[in-house]
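As structure tokens, the structure follows; a few thoughts come after it.
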Amino acid sequence: MKRTGKAGSTVFLKTLMAVTGIIFVLFVLAHMYGNLKLFFGEQSFNDYSEGLRTLGEPELPRHGLLTILEIILGVSVVLHIYSAIALWKRAQHARPVRYTVKKRVAASISSKWMRWGGVFLALFIVWHLLEFTLVRINVGSGGQVAGITQNPYELVVHSFQVWWLTVIYLVAMVALFMHLNHGIWSASQTLGWTSTPSARVKAKAIALVVALVVSIGFAICPFFVLVGVIS
């Protein structure tokens, strides 16, 4: 039986998932913009990286505002995953016997792969944080010398000169495209932004455009590092 009027209600969980998803979309747009500074050279990219750490100074300490934003993003991701799991379990309990003819046949590719794509993205994000933020792991040439691991530009370039890492990253961008495309559309429905046929068309178009811009914007950087345009 569905619970309503509580934090565990289906409507609440869908709304929570939509809102936290929008926060994630805003983050990846900003992150993609920052990554594109790789095309302007080492100084530009490193200045951008350092600028993130000094946001809010002198009113806030170094890394102060960035830490606040990281906490908001981290909590949003946790709540997003929690909502997704809770809604999936609820759907399974509501339909213990699978349909002979599955409705998912008519679903979009993005919808079909939403769950497993989300799992893959979650694992990728953990690795991404370890590699470029928390531990700073250089999988490319040069090893763990400070000249690479403490230099954001050099760490990115050395990492994406490794073909298999770039392939993993590009696959993750395909998963991100599908997740954003379906997720933005679903969030629009949940938040009541698709009440008319024209609104639904606009929402689908926005979802597709944002998903394409973000995934391509992220993908071109490692690709151009791999082929030597960025070095």
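Table for the structure above
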read-out	value
Which numbered condition Val229 fails, given (1) open to solvent by 70 Å² or more (accessible area, probe 1.4 Å); (2) in contact with a Leu (Cβ under 6 Å, 6 or more places away or on another chain)	(2)
The listed residue being surrounded by fewer than 20 Cβ atoms within 10 Å (Cβ to Cβ), out of contact with any helix residue (DSSP H, G or I) (no Cβ under 6 Å at 6 or more places or on another chain), part of a helix (DSSP H, G or I) and among the polar types (S, T, N, Q), out of Gln144, Gln189	Gln189
Residues (aliphatic (A, V, I, L, M) and open to solvent by less than 70 Å² (accessible area, probe 1.4 Å)) located in segment 192-211	Ala199, Ala203, Ala205, Ala207, Val210, Ala211
Qualifying residue in segment 174-183 (condition: over 13 Å from the mean Cα position of the chain (by Cα), open to solvent by 50 Å² or more (accessible area, probe 1.4 Å) and modelled with pLDDT under 95)	no
Breaking point among (1) open to solvent by 60 Å² or more (accessible area, probe 1.4 Å); (2) polar (S, T, N, Q); (3) touching a helix residue (DSSP H, G or I) at 6+ places or on another chain (Cβ under 8 Å); (4) in a helix (DSSP H, G or I), for Thr133	(3)
Filter result for Val139 (surrounded by fewer than 20 Cβ atoms within 10 Å (Cβ to Cβ) and either small (Gly, Ala, Ser) or free of Cβ contacts under 8 Å to residues at least 24 places away in the same chain (or both))	no
Residue that is closer than 24 Å to Leu36 by Cβ, out of contact with any Cys (no Cβ under 9 Å at 6 or more places or on another chain) and of a type in the set (Gly, Ala, Ser), where the choices are Gly192, Gly140, Gly118	Gly140
Residue match in segment 151-167 (condition: open to solvent by 70 Å² or more (accessible area, probe 1.4 Å), more than 30 Å from Leu13 (Cα to Cα) and among the small types (Gly, Ala, Ser))	no
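The values are calculated or read from the model by the stated rules, or taken from the named source; none is laboratory data. Fair warning: this is a prediction, and the values are worked out from it, not measured in the lab. Glycine also receives a Cβ, built like all others from the backbone with ideal geometry; neighbour counts cover every protein chain displayed. Only protein heavy atoms, including side chains, enter the accessible area calculation; ligands, DNA and RNA are left aside. Shrake-Rupley method; radii C 1.70, N 1.55, O 1.52, S 1.80 Å.
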